[in-house]
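S.K.: Quick one: the structure is below, and I'll ask about it shortly.
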Amino acid sequence: MDLVKVDPEPNVPLYEQIAADIRRAIAEGEAKPGERLPLAKDLATVLGVNTNTVLRALHVLRNEGLLEFRRGRGITVAGTPERGAMLAKVHELLDFARKHGYRTDELIELIQGAS
């Protein structure tokens, strides 16, 4: 995977720049599902940023379903951008359902009834 390039301009936070570049690497096949990423502290050193900045970017990608964190295995690529987009929509639907008083099991019933 080509290393991320960060621009210290304040328009886009560094963690978002890092997340975007890793997302792009996954989309272009530079980082494939199952492949391990370098340690956050190593990425931070190479990029010249704080480790917490890299960790924040990695957590964003984990929440999108693109990365998986496993004790003893490190951080691996879990999916594709399409999977990440699908998970984002799932989370959006869950939030919408909760705001309207639906429990997860009720939402599952609605989905199953619609398919």
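S.K.: Please give the number of the condition ALA57 fails out of (1) assigned to a helix (DSSP H, G or I); (2) assigned by TED's automatic domain parsing to the domain that holds VAL12; (3) over 21 Å from ILE22 (Cβ atoms).
M.R.: Among (1) assigned to a helix (DSSP H, G or I); (2) assigned by TED's automatic domain parsing to the domain that holds VAL12; (3) over 21 Å from ILE22 (Cβ atoms), ALA57 violates only (3).
S.K.: Here is a further query. Out of (1) in contact (Cβ under 8 Å) with a residue 40 or more places away in the chain; (2) surrounded by 12 or more Cβ atoms within 10 Å (Cβ to Cβ); (3) over 30 Å from ILE111 (Cβ atoms); (4) more than 11 Å from the chain's Cα centre (by Cα), what's the single condition that is false for GLY48?
M.R.: (2)
S.K.: Related question: Could you identify the single residue in THR80, THR76 that is modelled with pLDDT under 85 and closer than 23 Å to TYR15 by Cβ?
M.R.: THR80
S.K.: Also, quick follow-up: Determine, yes or no, whether ALA31 is touching a residue at least 24 places away in the same chain (Cβ under 8 Å), farther than 26 Å from ILE111 by Cβ and either of a type in the set (Gly, Ala, Ser) or touching a Pro at 6+ places or on another chain (Cβ under 9 Å) (or both).
M.R.: yes
Yes/no per residue for (1) closer than 29 Å to ILE26 by Cβ; (2) free of Cβ contacts under 8 Å to residues at least 12 places away in the same chain:
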{"site": "THR76", "(1), (2)": "yes, no"}
{"site": "GLU82", "(1), (2)": "yes, yes"}
{"site": "VAL90", "(1), (2)": "yes, yes"}
{"site": "GLU109", "(1), (2)": "no, yes"}
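S.K.: Do the conditions hold for ASP7, that is, is it modelled with pLDDT under 90, of a type in the set (Asp, Glu) and under 25 Å from HIS91 (Cα atoms)?
M.R.: It is false that ASP7 is modelled with pLDDT under 90, of a type in the set (Asp, Glu) and under 25 Å from HIS91 (Cα atoms).
S.K.: To continue, here is another question. In the list LYS99, LYS41, LYS89, which residue meets the criterion of being in contact with a helix residue (DSSP H, G or I) (Cβ under 8 Å, 6 or more places away or on another chain), on the phi < 0 side of the Ramachandran plot, surrounded by fewer than 18 Cβ atoms within 10 Å (Cβ to Cβ) and not hydroxyl-bearing (Ser, Thr, Tyr)?
M.R.: Criteria check complete, one pass: LYS41.
S.K.: Only one of (1) on the phi > 0 side of the Ramachandran plot; (2) outside any loop (DSSP other than H, G, I, E, B) fails for GLY34. Which number is that?
M.R.: (2)
S.K.: Among the residues of segment 20-59, count how many are among the aliphatic types (A, V, I, L, M) and at pLDDT 95 or above.
M.R.: 4
S.K.: Another question about this same structure. Scan segment 13-31 for residues that are outside any helix (DSSP H, G or I) and not small (Gly, Ala, Ser) and jot them down.
M.R.: Residues satisfying the conditions are PRO13, GLU28, GLU30.
For every residue, the table says whether it meets (1) outside the structural domain of ILE18 (by TED's automatic domain parsing); (2) under 15 Å from the mean Cα position of the chain (by Cα).
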| residue | (1), (2) |
| --- | --- |
| ARG73 | no, no |
| MET86 | yes, yes |
| LEU94 | yes, no |
| ALA97 | yes, no |
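S.K.: So, one more: Look through segment 60-90, keep the residues that are in a helix (DSSP H, G or I), in contact with an Asp or Glu (Cβ under 9 Å, 6 or more places away or on another chain) and not small (Gly, Ala, Ser), and return whichever of them is nearest to LEU107 (Cα to Cα).
M.R.: Taking the candidates together, the pick is LEU87.
The values are calculated or read from the model by the stated rules, or taken from the named source; none is laboratory data. Since the structure is predicted, the reported quantities are computational estimates derived from the model, not experimental observations. FYI the Cβ positions are ideal-geometry reconstructions off the backbone, even for glycines, and counts take in every protein chain you see.
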